Amino acid sequence: EMGEDAVTAVGPPTSPPAMSEEEQLELQEELIKVEDEIQTLSQVLAAKEKQLADIKRKLGITPLNELRQNISRTWQDVTASTAYRRTSETLSQASLKATAAFSSVGSVLSRKLEDVRSASRPRPVQAPPAGSGGGGAVGLC
C-alpha cells in the first residue's frame with residue numbers, strides 16, 4: 001500500500017531507525033516477497049490482456065469499433081448533461097435573436113438601397129407645355 005510511507009521515502013535521506021539484525025532480515029524477506037508478488041501480478045495482468053485481445057478478435061471487436069462506441073457513448077453523456085442542455089438553449093435563443101436582427105438590418109439596407117437607386121435614376125425630361133412661350137421657332141406662323 002502506498003500511503004504516507006511512499007511520500008516520506010522520496011524526501012531527503014534519513015538514517016534508518018535503530019532495529020535489530022533480526023528485524024532487518026524480516027524486512028528484507030518481506031521486501032523480496034512483495035517484489036515477487038508484484039512480478040507475478042504483472043505476469044497475470046499481461047496474460048489476461050492477451051486473453052482479452054483474443055476474445056475481442058474472435059468476436060470481431062476491432063479497436064476502431066471500440067473507439068466508435070466510446071465516442072458515441074461520450075457524446076450521449078455530453079448531450080444528456082445539464083450544462084450542454086443549458087448551453088444549447090442559450091445558443092438557440094441567441095441564434096433566433098441574431099436571425100431577427102440580421103433580417104431587420106437586411107430590410108433596412110434593402111430600403112436604403114432602393115432609395116439610393118431611385119434618387120440616382122435620371123428623370124425623363126418633359127417638353128414644356130404648349131403655348132408656354134418656349135421661345136422656339138416651332139408654331140410661329
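Any read-out appearing in this document is the output of simple, stated calculations on the displayed coordinates, not a laboratory observation. What you see is a predicted model; the values in this text were computed from it and never measured. So basically every Cβ, Gly included, is an ideal-geometry build from the backbone, and we count neighbours across all protein chains shown.
Give me the Å³ per residue figure for the convex hull around the C-alpha atoms of region 16-68.
Numbers: hull volume 4.4 nm³, N = 53.
Taking the convex hull of the Cα positions in region 16-68, it is 83 Å³ per residue.
Could you calculate the contour length gain from Thr62 to Gln39, that is, 0.36 nm times the residue separation minus the distance between their Cα atoms, to one decimal place in nm?
Numbers: separation 23, 0.36 × 23 = 8.28 nm, distance 2.96 nm.
Extra length available between Thr62 and Gln39 comes to 5.3 nm.
With charges only on Cβ, +1 for K and R and -1 for D and E, what is the dipole size of region 23-80 about its Cα centre, in debye, rounded to 20? Please report the intermediate quantities before stating the final value.
Numbers: 8 positive and 11 negative charges, 195 e Å.
Result for region 23-80 is approximately 940 debye, rounded to the nearest 20.
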